[in-house]
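Only one structure is covered here, and it is reproduced in the block below.
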Amino acid sequence: MVSNNMKSKQKSHGFTIVELLVVIVVIGILAAITIVSYAGITARANASKAVANAQSIQSVAEAINADNSQYPITTAEFGSLASTARIPSGITIQTTPPTAANGTDHFQLFKLTANSNTGGKIVYWDYGTNAVSTTATSIYWGAGTSAGAFTAFAS
């Protein structure tokens, strides 16, 4: 009788390897779901930040036009005039397209080819398509529209 009690107590201690494997698999599934959700949230946040910053640049271009009766046509001109129009800190205007690594705060500007100081567009990294923004997703200012022909800003 005493030996039967000892055996039953020994069987009730610890977990079997199958139980441990089930727990590990469940934890792995939960971790995978969390990682996928986090990646999607991060991409949406980056996309929102890129669009908001591009719209800030558009507002600055409109303010420059209001002050000078024309839009800037080079990155140097935009930079010098934008300091008085309060471009948000951390935003970089460059002559090359933005990348996924810097797409939330680096932008390339284009001017209208025909009447360069009457309008333009802002190109940003589109985190939805994981590429440089297309004509449909570019931000325009002044006379710039999706039907316009554009030339990239020079330095």
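Pick from the range 119-138 the residues that are among the β-branched types (Val, Ile, Thr) and surrounded by 21 or more Cβ atoms within 10 Å (Cβ to Cβ): which of them is farthest from residue 66 (Cα to Cα)?
123
Looking only at the range 83-122, residues that are of a type in the set (D, E, K, R) and under 24 Å from residue 42 (Cα atoms) come to 1 in all. Scanning for something of a type outside the set (S, T, N, Q) and under 24 Å from the mean Cα position of the chain (by Cα), does the range 64-73 turn up at least one residue? Within the range 64-73, not a single residue is of a type outside the set (S, T, N, Q) and under 24 Å from the mean Cα position of the chain (by Cα).
Find the residue count for the range 56-98, including only residues that are aliphatic (A, V, I, L, M), loosely packed, with under 14 Cβ neighbours inside 10 Å and touching a residue at least 24 places away in the same chain (Cβ under 8 Å).
Residues that pass the stated criteria total 1.
Scanning the range 45-89 for residues that are assigned to a loop (DSSP other than H, G, I, E, B), modelled with pLDDT under 85 and not hydrophobic (A, V, I, L, M, F, W, C) turns up 83, 84, 86, 88, 89. Taking the range 100-118 as the range and being modelled with pLDDT of 90 or more, hydroxyl-bearing (Ser, Thr, Tyr) and farther than 20 Å from residue 67 by Cα as the test, only 113 passes.
Against the conditions (1) touching a residue at least 12 places away in the same chain (Cβ under 8 Å); (2) surrounded by fewer than 18 Cβ atoms within 10 Å (Cβ to Cβ), residue 101 satisfies every one except (1).
The values are calculated or read from the model by the stated rules, or taken from the named source; none is laboratory data. None of these values were measured; they are calculated from a predicted model. Note that we place each Cβ from the backbone using ideal geometry, even for glycine, and neighbour counts take in every protein chain shown.
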